[in-house]
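Student: What follows is a single structure, and I will ask about it in a moment.
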Amino acid sequence: MSVASSHQISTVNSPSVPAQLVTKATRIAIQEMIDFLVATKGLDTLAAYQLTSVAGNVVITQLVDQKVGVHVKMPKEIFRK
């Protein structure tokens, strides 16, 4: 799922998994950002991966009650012309 604000794009992964699976949730959220960039910004997969690696900001947003929430945030200013 992607979420947009006035200054950034976020992808969110919030599976119902034990907290020790933060790595899995992070990988899913990163892949969702890559897929979002390919689908909406016209990047190929490698370019989307590279951009996410350099400019993406991974944030753990929930780590309570055996649930993990991970956002990958991408600044929108990167896409302004």
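Student: How do ARG27, ARG80 rank when sorted from fewest to most other Cβ atoms within 10 Å of their own Cβ?
Tutor: The most exposed by this proxy come first: ARG80, ARG27.
Student: Just give me a number: lysine pairs in the chain, eight or more positions apart or cross-chain, with C-alpha atoms less than 25 Å apart.
Tutor: 6
Student: If you place +1 on the Cβ of every Lys and Arg, -1 on the Cβ of every Asp and Glu, and leave all else neutral, what size is the dipole of the stretch 2-79 about its Cα centre, to the nearest 20 Debye?
Tutor: 100
Student: Computed FRET efficiency, Cβ-Cβ of ASP65 and LYS41, R0 41 Å: what is it to the nearest 0.05?
Tutor: Result of the calculation: an efficiency of 0.75.
Student: Just want the ordering: LYS24, LYS81, from fewest to most Cβ atoms lying within 10 Å of their own Cβ.
Tutor: Result, fewest neighbours first: LYS81, LYS24.
Student: A follow-up question, please. Can you tell me the 0 to 90 degree angle between the C-alpha axis of helix 22-41 and the longest principal axis of the chain, rounded to 10?
Tutor: Rounded to the nearest ten degrees, it is 20.
Student: From the Cα trace of the chain, what convex hull volume per residue do you get, rounded to a whole Å³?
Tutor: That works out to 83 Å³ per residue.
Student: Further question on the same structure: Measure nothing but the geometry: give the 0 to 90° angle between the long axis through the Cα atoms of 45-55 and the longest principal axis through the Cα atoms of the chain, rounded to 10°.
Tutor: Around 70 degrees separate the two axes.
Student: What net charge is computed for the residues neighbouring ILE9, neighbours being all others with C-beta under 10 Å from the C-beta of ILE9, Lys and Arg scored +1, Asp and Glu -1?
Tutor: Neighbour charge sum, excluding ILE9 itself: +3.
Taken together, the values in this text are just the output of simple stated rules run on the coordinates, not laboratory data. Since the structure is predicted, the reported quantities are computational estimates derived from the model, not experimental observations. Reconstructed Cβ throughout: ideal geometry from the backbone, glycine too, with neighbour counts over all protein chains shown.
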